[in-house]
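The values are calculated or read from the model by the stated rules, or taken from the named source; none is laboratory data. Nothing here was measured: the structure is a model prediction, and the numbers come from that model. Neighbour counts are summed over all protein chains in view; Cβ atoms, including those assigned to glycine, are modelled from backbone coordinates with ideal geometry.
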Amino acid sequence: MKKLHQILQIALLVYFGAFLIFFIAFDTLGGLFGMDEITSDSMVTITLIGLIIFLAAWGSSYAAYNSLASTIKKMEIDANSLKAKIYDFEHPRNPATPTSKPSQATDLDQSNLPPRQNITDK
């Protein structure tokens, strides 16, 4: 697709370059083609053909850009999935050696308040 875009850009450049030279040197080249004067019909035809070539070149560049963008997006998705796999491999969810917490005395009372002292029992 990129090659077609380059070819169409060159064709557009050659087309308008050739007509630019033709119109600059119309006094000498007009007689070679049997043209006495430039009519509006011939100018419209030349301009429309140039417009069609330009639109074809623009369309091919748009298609080439979209193709490259989708290829880049696919490559980024693949790279991200590989990064995720590497991360998962380097940092597993479950540790290899499970560490057990030291057992603590189990209190039935979960509050941090000290036990109540009776002051009246003296």
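Examine region 59-69 for a residue that is within 15 Å of the chain's Cα centre (by Cα) and aromatic (F, W, Y), and state whether such a residue exists. Let's see the steps before the verdict.
Start the filter on region 59-69 by keeping residues that are within 15 Å of the chain's Cα centre (by Cα), which leaves 61-69.
Imposing the further condition that a residue be aromatic (F, W, Y) reduces the set to 62, 65.
Yes, region 59-69 contains a residue that is within 15 Å of the chain's Cα centre (by Cα) and aromatic (F, W, Y).
Sort out which residues of region 38-70 are loosely packed, with under 11 Cβ neighbours inside 10 Å and assigned to a loop (DSSP other than H, G, I, E, B), and write them in order of number.
The one that is loosely packed, with under 11 Cβ neighbours inside 10 Å and assigned to a loop (DSSP other than H, G, I, E, B): T39.
One line per residue, one yes/no per condition, for (1) of a type outside the set (D, E, K, R); (2) in a helix (DSSP H, G or I); (3) surrounded by fewer than 10 Cβ atoms within 10 Å (Cβ to Cβ):
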position	(1), (2), (3)
K3	no, yes, yes
I10	yes, yes, no
V14	yes, yes, no
G17	yes, yes, no
F22	yes, yes, no
D27	no, yes, yes
G30	yes, yes, no
D36	no, no, yes
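I need every pair where a residue in region 51-79 that is of a type in the set (S, T, N, Q) has its Cβ under 7 Å from the Cβ of a residue that is part of a helix (DSSP H, G or I), sequence separation at least 6 or different chains.
Pairs found: S60/L4; S60/H5; S60/L8; S61/H5.
Can you name every residue in region 69-122 that is over 30 Å from K2 (Cβ atoms) and modelled with pLDDT of 85 or more?
Of the residues in region 69-122, the ones over 30 Å from K2 (Cβ atoms) are 84-122.
Result: A84, K85, I86, Y87, D88, F89, E90, H91.
Scan region 19-36 and report the pairs whose first residue is within 25 Å of L51 (Cα to Cα) and whose second residue is not in a helix (DSSP H, G or I) and not hydrophobic (A, V, I, L, M, F, W, C), with Cβ atoms within less than 9 Å and a gap of 6+ or a chain change.
Hits for this filter: F26/E37; G30/D36; G30/E37.
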